[in-house]
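What follows is a single structure, written as structure tokens, with notes after it.
Read-outs throughout are calculated quantities, based only on the coordinates presented, and are distinct from any laboratory measurement. Because the structure is a prediction, the values reported are computed rather than measured. Every residue, glycine among them, receives a Cβ derived from its backbone with ideal geometry; neighbour counts consider all protein chains shown.
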Amino acid sequence: MTEVPEARLSRAVRLREDGEPVRARELLLALRAEFPADPLIAYQTAWVHDVLELEEEAVPHYRAAIAGGLPDEQMRDAMLGLGSTLRVLGRDDEAAEVFAEGLRRFPGHRPLRVFQAMLRHNAGDSREAVADLLRVLVESTGDPDIRQYGRAISAYAEDLDRGRPHP
């Protein structure tokens, strides 16, 4: 008797988590062929391709997962994964669109903001990238030493040249 898709999907996720992504990929590709419209299977298939550094192959699986509709947590992660993968592939305009859409849908999701900042740096907008990263740092840190300087760091995020002579 064939395992139900949920059990097979759980087994594939465990294989990936246990450091066996090649075996996980085999199982996930079989599941994708059998259930091509399932967004969770597509998402996990994209993820395992990323783990294996097969970014180009991950993209269509991410797109299928996002188009298929995922629960919010997986949707955020799929959008982050797709944007990050596109950035790695040098497809910066597409990555920027994915991050922008992700942040429209999930404005408080800090990992999306961090990955968008990395893209901004790659695109030559290091000033805004650093400012974004400083904002995320102040918002999310539990480090008492950083929190002590939170107001100053936030002020610098708004004007990175504050206190420095302008050329």
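Cβ crowding within 10 Å ranks 22, 130, 59, 48 as 22, 130, 59, 48, fewest other Cβ atoms first.
Extension gain, residue 11-residue 149: 0.36 nm per intervening residue step, less the Cα-Cα distance, totals 45.1 nm.
Working ranking of peptides 114-123, 76-85 by packing, defined as the average number of other Cβ atoms within 10 Å per residue, highest first, is 76-85, 114-123.
When the convex hull of its Cα atoms is viewed from all sides, the chain shows a mean projected area of 12.1 nm². Across the chain, the relative contact order, built from alpha-carbon pairs under 8 Å that are at least six residues apart, equals 11 percent. Axis of helix 72-88 versus longest Cα principal axis of the chain: the two differ by about 80°, to the nearest ten degrees. The mean sequence separation of alpha-carbon pairs under 8 Å and at least six residues apart, normalised by the residue count of segment 96-167, gives a relative contact order of 22 percent. Please state the charge dipole magnitude for segment 2-85, taken about the Cα centre, from unit charges on C-beta atoms (+1 on K and R, -1 on D and E), reported in debye and rounded to the nearest 20. Here segment 2-85 has a charge dipole of around 140 debye. Extension gain for residue 160-residue 121 works out to 12.5 nm (0.36 nm per residue, less the C-alpha to C-alpha distance). Here the label points at residue 52 and residue 33, each 7 Å from Cα along the C-beta direction, are separated by 1.3 nm in the simple model.
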